[in-house]
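Trainee: Here it is: the structure, laid out below.
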Amino acid sequence: MKNVELSEKLVKILNLRYEPVAVKLIKKGQHLPEGFIEPANNIRHCQSIMRARKGESFIIPAEKHACVVGASSLGLVTMPPKVKAGEFHANIGLFECADAAANMISQRFELEENSTIATVVGPLKDFEFEPDVVVLVDVPETLYWLVPAATFFEGGRQAFSTAAFQATCVDSTIIPLLTGKMNMSLGCFGCRRSTDIKNDEMIAGIPYVNLEKMVEALEKIHEGPMQKARKKEG
């Protein structure tokens, strides 16, 4: 019931367009959770996120991941040589040369190769266990409020890491998981080409361990600063 409550509060307070999405990475030696089905066809991590925000749930084993770039960062498969060398991304046309693309890949956050056996993705409200990360997809004004929520109790600034590729797998899943801090992304080429994310939408990934505290902060600022800003009151 905790996840149901957290999800309902996020939707209500932020006026979210979609359901908060939970992501769990199943490591070698861990049991696969029950109640989730494999997708009929191979699917990209970004596609599973975008479908989950509209109510679908999946358990996706390594062999069902359609994007080897995303799958390799999630620890599901070995990174293909052409991806590591930069050839794959250079051929898309967003880098001048393979060396530039390889530099991006060398700096990405990633899990150990073949350390993960599956991803579980679905609406947070449907998870009866703790996910690793919660992903929100919405417009910048809506996701902005996660910043004061993240800094409400201790202050400080937020620094976000992103790149031209891997908005959901790296930026919104792996970085929050490995750093323990929220991260945001404007989207990426693959995500914008392969999913129904809208032009005015972006993505935020929140470590689940931080979520309850952030929701508490959102409740505190909802009736005051949030309403004033949204109503354009001085």
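Trainee: Can you tell me which of A204, A150 is touching a residue at least 24 places away in the same chain (Cβ under 8 Å), closer than 26 Å to K2 by Cα, assigned to a helix (DSSP H, G or I) and hydrophobic (A, V, I, L, M, F, W, C)?
Mentor: Numbers: A204 fails: assigned to a helix (DSSP H, G or I).
Going through A204, A150 in turn, just one is touching a residue at least 24 places away in the same chain (Cβ under 8 Å), closer than 26 Å to K2 by Cα, assigned to a helix (DSSP H, G or I) and hydrophobic (A, V, I, L, M, F, W, C): A150.
Trainee: If you scan the range 129-170, which residues turn out to be among the small types (G, A, S), buried (at least 22 other Cβ atoms within 10 Å of the Cβ) and touching a Leu at 6+ places or on another chain (Cβ under 7 Å)?
Mentor: Initial filter on the range 129-170 (among the small types (G, A, S)): 149-150, 155-156, 159, 161, 163-164, 167.
Filter once more, keeping what is buried (at least 22 other Cβ atoms within 10 Å of the Cβ): 149, 167.
Within the range 129-170, just A149 meets the criteria.
Trainee: If T173 satisfies all but one of (1) assigned to a helix (DSSP H, G or I); (2) surrounded by fewer than 20 Cβ atoms within 10 Å (Cβ to Cβ); (3) out of contact with any Lys or Arg (no Cβ under 9 Å at 6 or more places or on another chain), what's the number of the condition it fails?
Mentor: (2)
Trainee: Same structure, new question: Can V77 be described as closer than 17 Å to Q166 by Cα, open to solvent by less than 60 Å² (accessible area, probe 1.4 Å) and under 20 Å from the mean Cα position of the chain (by Cα)?
Mentor: Details: closer than 17 Å to Q166 by Cα: yes; open to solvent by less than 60 Å² (accessible area, probe 1.4 Å): yes; under 20 Å from the mean Cα position of the chain (by Cα): yes.
Yes; evaluated as a whole, the condition is true for this residue.
Trainee: Among the residues of the range 11-30 satisfying the criterion of being open to solvent by 40 Å² or more (accessible area, probe 1.4 Å) and more than 11 Å from V120 (Cβ to Cβ), which is nearest to the chain's Cα centre (by Cα)?
Mentor: At the first step, the residues of the range 11-30 found to be open to solvent by 40 Å² or more (accessible area, probe 1.4 Å) are 11-12, 15, 17, 19, 24, 27-30.
Next, from what is left, pick out any that are more than 11 Å from V120 (Cβ to Cβ): 11-12, 15, 17, 19, 27-29.
On the way: V11: 17, K12: 20, N15: 19, R17: 16, E19: 13, K27: 18, K28: 21, G29: 24 Å.
Looking at the filtered set, the residue picked out is E19.
Trainee: Looking only at the range 153-182, filter to residues that are without any contact (Cβ under 8 Å) to a residue 60 or more places away in the chain and of a type in the set (A, V, I, L, M); which one of those is nearest to V135 (Cα to Cα)?
Mentor: M182
Trainee: Looking for whichever is touching a Cys at 6+ places or on another chain (Cβ under 9 Å), at pLDDT 95 or above and charged (D, E, K, R) here; the options are R44, R53, R17. Which one fits?
Mentor: After applying the criteria, what remains is R44.
The values are calculated or read from the model by the stated rules, or taken from the named source; none is laboratory data. Note that the coordinates shown come from a computational prediction; the quantities given were computed from them, not determined experimentally. We place every Cβ from the backbone using ideal geometry, glycine too, and count neighbours over all the protein chains shown. The protein model used for the area step is the full one, side chains on, heavy atoms only, and it has no ligands, DNA or RNA in it. Shrake-Rupley method; radii C 1.70, N 1.55, O 1.52, S 1.80 Å.
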